[in-house]
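The values are calculated or read from the model by the stated rules, or taken from the named source; none is laboratory data. Owing to the predicted nature of the structure, the values given are computational and were not obtained by experimental measurement. Reconstructed Cβ throughout: ideal geometry from the backbone, glycine too, with neighbour counts over all protein chains shown.
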Amino acid sequence: MDRHLQEIITIGDTQSFLHLAAENEAIAEQTTAGSGNTILHLAARFGHIELAREIVRLWPELVVAENERMETPLHVACSEGMTEVVRLMVETEPLVVYKVNGGGETVLFVACGNGKLEVAKLLLGFPWLLMLEVDGFTTTSLHVAASGGHTEIVKEILKVRPDFAWKRDINGCTPLHISCSKGHLDITRELLKLDADFCTLQDCHGRTPLHLAAIKGRVNIIDEILSWSLEFAELITKNGDTILHLAVKNNQYDTIKYLIERLNITKLANFPDSDGNTILHLATAGKLTAMITFLLKFGVDVNATNRRGYTALDVVELDESNSGALAIVPALLEAGAKRCNQLPSFLLDTQQIHKTRGNKISECSSQRRHHRRGHSRRREKQFEFQNEGLRNARNTITIVAVLIATVAFAAGINPPGGFDEETGKSIMGKQTSFKVFMVCNIVALFLSLGIVIFLLSIIPFQRKSMMKLLTVTHKVMWVSTSFMASAYIAAIWTILPNGRGTVWVLASLVSIGGGCTLAIFVGLGILLIKHWLRKSELRNRKQKRNDRSPSSSISRLEDMRMMKKVSWDSTSNSDIDSSDHGYHLY
């Protein structure tokens, strides 16, 4: 669209527009870049009623024109609340009110979603428009008005179509579900006045409007709903969750406090969900210290067991990784909490008494599984740390190789002794020491370049492949480093004057360099031997465990000790199992 034309429409200059229209009738075909809005779309957006009348008079077909989002100018006017423009377009082409945009939204839907009350009142005079939502939509104008908290629009819709209050969206939510979740108290009251039985309707997950209010911590909504009937608090979801379960799962402390202090719901406080968990089980699993303290003061059953036979104390002790457990355990113990294996027999029902032996076996098995899971997590962390270390080592070797290549390249083009200014040849080129320097420098350069190319060309995604790659490049790196050191000594040899002093300096350099290198090799060799010994010891332990027969004379105590030494998951003699210092060599 022409920039001058767009500015005229934006400010609503009708006379200037008519002047342009007289000069060029093709302006009606112009649209804005990126959105495809026509001149009528723009006039409707800014509410220039006189300009809109002139556009409609000259080009009435623009009333039904669509932009790239399939919105008519009427959609734009409804979105902005331009009532007079809406009335103009409806009078020009009444059928335009039944068009939907690319999102499947009617003009009434748009007006209600944006809280445009006067526009909504005008459009509600078209009964067939509401029939369109009944037949073809799940989410109605009442849903979006309730979601936006537009109380007056909700009242107007309920006057015309009260049956919309029963409509469900794609998630099975009624308008009451949405208003309760959003915390719109006035809209909730209006819907409850229409029919309080809306509180019994469930969405696709079996949640009532009261459940959604508990999830979001809408205490005022909960108070309003329960003022109609306390029976609404006893409804449960498909997973067996009460409003208390949902409030604890979403850490809504104020909701729990209100429900327990204001209402007589003692039965719900110890009510189990489909897994047998009470609200105390859920609070301890979530390490909700403040909520647990409140529930213990209220007097919930601290020794209730879930379907796995765990009490709240068992649940919190299963995972002590969170520091919150340090405060929770003493509070539970002070309230008389016990572990499942500490409960007296008179607390168990008849069915549990018949299953006591099975429960003991199950308890031992669950403890072993817990230890396995704990060890598995530690082992996964060890693998993660080792893989990170290998990646860091790979990056370090690449960087060092680049540095060696850089130094060797610089030394090659700037050799010791310099160049002859006339010939450009090296001054020391005929000396044996210079030839040794050049050979060592070239070898160091191309070995380092080879390492860089090798590491950049191969991307291993398994630990063994990474270890093999690093082993090869590590050895080549030693060779490259040795040649670089030799090139350095040869360069010093080249630039030093002949004489006994030169020999003494060279001998000192070789002695110091060789001594340092030897010390490093000896230290690394000792560490490598220790690592091999630990791997060998681990291999022997595993072999003994595999070879042991059921009738072996080894006592159960010795077997348990051996099992502690050897990992539950040690199926391979890996470097991780044999590394007790956090590192290993390659």
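Of the set (1) among the hydrophobic types (A, V, I, L, M, F, W, C); (2) within 23 Å of R307 (Cβ to Cβ); (3) part of a helix (DSSP H, G or I), all apply to I236 but (3).
Is it the case that V300 is modelled with pLDDT under 90, in a helix (DSSP H, G or I) and surrounded by 19 or more Cβ atoms within 10 Å (Cβ to Cβ)? I'd like the intermediate steps shown before the answer.
Numbers: modelled with pLDDT under 90: yes; in a helix (DSSP H, G or I): no; surrounded by 19 or more Cβ atoms within 10 Å (Cβ to Cβ): yes.
The answer is no for V300.
Residue pairs whose Cβ atoms lie under 6 Å apart, separated by 6 or more positions or on different chains, with the first residue in the range 447-458 and surrounded by 12 or more Cβ atoms within 10 Å (Cβ to Cβ) and the second small (G, A, S), are L447/S480; S448/A401; S448/A405; S448/S480; L449/A405; I451/A401; V452/A401.
Answer yes if at least one residue in the range 172-185 is over 31 Å from the mean Cα position of the chain (by Cα), part of a helix (DSSP H, G or I) and aliphatic (A, V, I, L, M), and no otherwise.
Pass one, the range 172-185, residues over 31 Å from the mean Cα position of the chain (by Cα): 185.
Filter once more, keeping what is part of a helix (DSSP H, G or I): 185.
Okay, now just the ones that are also aliphatic (A, V, I, L, M), so 185.
Yes, the conditions are met somewhere in the range 172-185.
K193 meets each of the listed conditions (1) surrounded by 14 or more Cβ atoms within 10 Å (Cβ to Cβ); (2) part of a helix (DSSP H, G or I) apart from (1). Of all the numbered requirements in (1) under 25 Å from I157 (Cα atoms); (2) touching a Gly at 6+ places or on another chain (Cβ under 7 Å), H48 misses one, and that requirement is (1).
The residues on offer are I27, I55, I39, and the sole one that is hydrophobic (A, V, I, L, M, F, W, C) and either more than 23 Å from R87 (Cβ to Cβ) or surrounded by fewer than 16 Cβ atoms within 10 Å (Cβ to Cβ) (or both) is I27.
If I ask for residues that are outside any loop (DSSP other than H, G, I, E, B) and charged (D, E, K, R), which ones from the range 273-297 would you list?
Residue satisfying the conditions is K297 alone.
Of all residues in the range 73-116, exactly one satisfies the criterion of being among the charged types (D, E, K, R), over 21 Å from L142 (Cβ atoms) and either outside any helix (DSSP H, G or I) or in contact (Cβ under 8 Å) with a residue 60 or more places away in the chain (or both), namely E93. Residue count for the range 404-437, restricted to those that are surrounded by 20 or more Cβ atoms within 10 Å (Cβ to Cβ) and without any contact (Cβ under 8 Å) to a residue 60 or more places away in the chain: 2. Of all the residues in the range 147-164, those that are part of a helix (DSSP H, G or I) and among the small types (G, A, S) number 2.
Would you check if V119 is touching a residue at least 24 places away in the same chain (Cβ under 8 Å), touching a Cys at 6+ places or on another chain (Cβ under 7 Å) and surrounded by 17 or more Cβ atoms within 10 Å (Cβ to Cβ)?
Details: touching a residue at least 24 places away in the same chain (Cβ under 8 Å): yes; touching a Cys at 6+ places or on another chain (Cβ under 7 Å): yes; surrounded by 17 or more Cβ atoms within 10 Å (Cβ to Cβ): yes.
When the stated conditions are applied, V119 passes them.
For the range 272-289, filtered to residues that are of a type in the set (A, V, I, L, M, F, W, C) and modelled with pLDDT under 90, the residue that is surrounded by the fewest Cβ atoms within 10 Å (Cβ to Cβ) is A285.
Going through D223, D241 one at a time, which residue ends up being modelled with pLDDT of 90 or more and over 20 Å from N171 (Cβ atoms)? Even if it seems obvious, please write down each step before you answer.
Values: D241 fails: over 20 Å from N171 (Cβ atoms).
Criteria check complete, one pass: D223.
A165 falls short on exactly one of the conditions (1) more than 35 Å from the chain's Cα centre (by Cα); (2) buried (at least 24 other Cβ atoms within 10 Å of the Cβ), and that condition is (2). Among helices (runs of 4 or more DSSP H) entirely within the range 1-69, having at least 2 residues that are under 29 Å from G103 (Cα atoms) and of a type outside the set (D, E) singles out 3-11, 39-46, 49-58.
Does the range 501-509 include one or more residues that are part of a helix (DSSP H, G or I) and at pLDDT 75 or above? Steps first, please.
Of the range 501-509, the ones part of a helix (DSSP H, G or I) are 501-509.
This time we only want the ones that are at pLDDT 75 or above, so: none.
So far as the range 501-509 goes, no, none of its residues is part of a helix (DSSP H, G or I) and at pLDDT 75 or above.
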